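The structure appears right after this line, and notes come after that.
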Amino acid sequence: MAILRLLNQISLVLGIVSLIFTIVQIFYKLKIKKLQEELVSKIITMMELKKSDQEIINILVADEWDPEEISVKIGEIRQLTKFNSNQAQKNQE
Amino acid sequence: MAKKHKQLKSRISKSEEKRINEKIALGIGLTFIFVALFLLTWLIAEQEGDNIYTPDKNFSKMTPKEKINYVQEQEQETEDQSNYQLAIALGDSGYCEEIQKLSLRLKCEKEVPGVISISKKPKLELTESEISDNSDYQLAITMGDSKYCEQISNKEIKDKCLLETKG
């Protein structure tokens, strides 16, 4: 009986702790998603200002963004814009 | 805050995202396990008659009618527990039938193994001859041996005993 009560209370406490842990991690993930969107919008703005990839990387690294993630995002955006222009060209033809 | 924001900016790589996803999955898994364990232990405790989370209203705040009901309930619970303990100690399922609380009665009937009471009377109210018959009957049923039935003085019980130990 006492063991059952103890087990019940321990599982309640651990359940609440793990639930809080999960919620914190979800908030952390949402924050990171937001930052990724912010990074993409910065890269796009700089691309519109005709900055080279190296210039974009240098500016953003100076602003303490992750260099690897900047390169990945630049690559993704370049590929997407290239695909879009190709698609537009095909449509025109 | 600004420092934390800057720290986060340098940590938004794909591997970090993957790590967070793993942590979320781990958190959800652990939450499910602990919630299941919590519900299971709660359910078992309730079945055992231990009301862990039932709100216990303060006795002094109860109305006279509630007080009477509360005292009666407590008395009944004590009597049930006493019958349960007797049934277990004496191995006589007759006491289980006296238990009012269904969950405890079922538990009692389940826990008193292989004993079939021949009398609905509590053991303390039985005569010497009845006790002897009861003992022989229980022995015959437990051992599956009809020779113990021969010693039973009550004809009705003797026949019942012989019939049940025949196979």
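Taking every pair of distinct Cα atoms and averaging 1/r, then inverting, what Kirkwood hydrodynamic radius in Å comes out for segment B:64-115?
Answer for segment B:64-115: a Kirkwood hydrodynamic radius of 11.3 Å.
Mind checking A:1-13 for the average number of partner chain beta-carbons within 10 Å of each residue's beta-carbon?
5
Over the alpha carbons of segment A:1-45, what is the largest minus smallest coordinate on each principal axis, giving the biggest first in Å?
66, 6, 5 Å, listed from the longest principal axis down.
Pop the C-beta distance of B:Ile131 and A:Ile16 into the FRET formula with R0 = 51 Å and round what comes out to the nearest 0.05.
In this case the efficiency is close to 0.40.
Taking a temperature of 37 °C and a viscosity of 0.692 mPa s, what whole-number D in µm²/s does Stokes-Einstein yield for the protein assembly as shown with Rh from Kirkwood over alpha carbon pairs?
For the chosen part, D equals 125 µm²/s.
Label points 7 Å out from Cα along the Cβ direction at B:Asn51 and B:Leu162: separation in nm?
5.1 nm
If I model a spin label as a point 7 Å beyond the Cα along the Cα-Cβ vector, how far apart are those points for B:Lys155 and A:Glu48 in nm?
Roughly 11.0 nm, to one decimal.
Distances over 23 Å make up what percent of all Cα-Cα pairs in segment A:2-92?
The answer is 51 percent, as a whole percent.
Choose one of B:Ile24, A:Ser18, B:Val112: the residue whose Cα lies farthest towards the positive end of the charge dipole of the protein assembly as shown (beta-carbon charges +1 Lys, Arg; -1 Asp, Glu; about the Cα centre).
B:Ile24
Could you work out, residue by residue across A:55-67, how many beta carbons of other chains sit within 10 Å of that residue's beta carbon, and then give the average as an integer?
2
Cross-link list B:Lys110/B:Lys166; A:Lys90/B:Lys14; B:Lys107/B:Lys166; B:Lys65/B:Lys101; B:Lys107/B:Lys158; A:Lys50/B:Lys9: which exceed 31 angstrom alpha carbon to alpha carbon?
A:Lys90/B:Lys14
Which FRET efficiency value, to the nearest 0.05, is calculated for B:Ile68 and B:Leu90 with the Förster distance at 22 angstrom and r the Cβ-Cβ distance?
With a Förster radius of 22 Å, E is 0.10.
Say R0 is 25 Å: what FRET efficiency, to the nearest 0.05, do A:Glu64 and A:Ile23 get from their beta-carbon distance?
0.40
Amide H of B:Ser93: which non-local residues (sequence gap of 5 or more, or other chain) have their own amide H closer than 5 Å, using H built in the peptide plane?
Long-range HN contacts for B:Ser93: B:Ser117.
Given a 10 angstrom Cα cut-off, can you work out which residue in A:Ile74, A:Ile57, A:Ile26 is the most mobile in a GNM of chain A?
A:Ile26
Read the figures in this text as sums done on the coordinates, not as results from a lab. Quick caveat, the model's predicted, so the values are computed rather than measured. Positions of Cβ are generated from backbone atoms using ideal geometry, with glycine treated the same way; all protein chains shown enter the neighbour counts.
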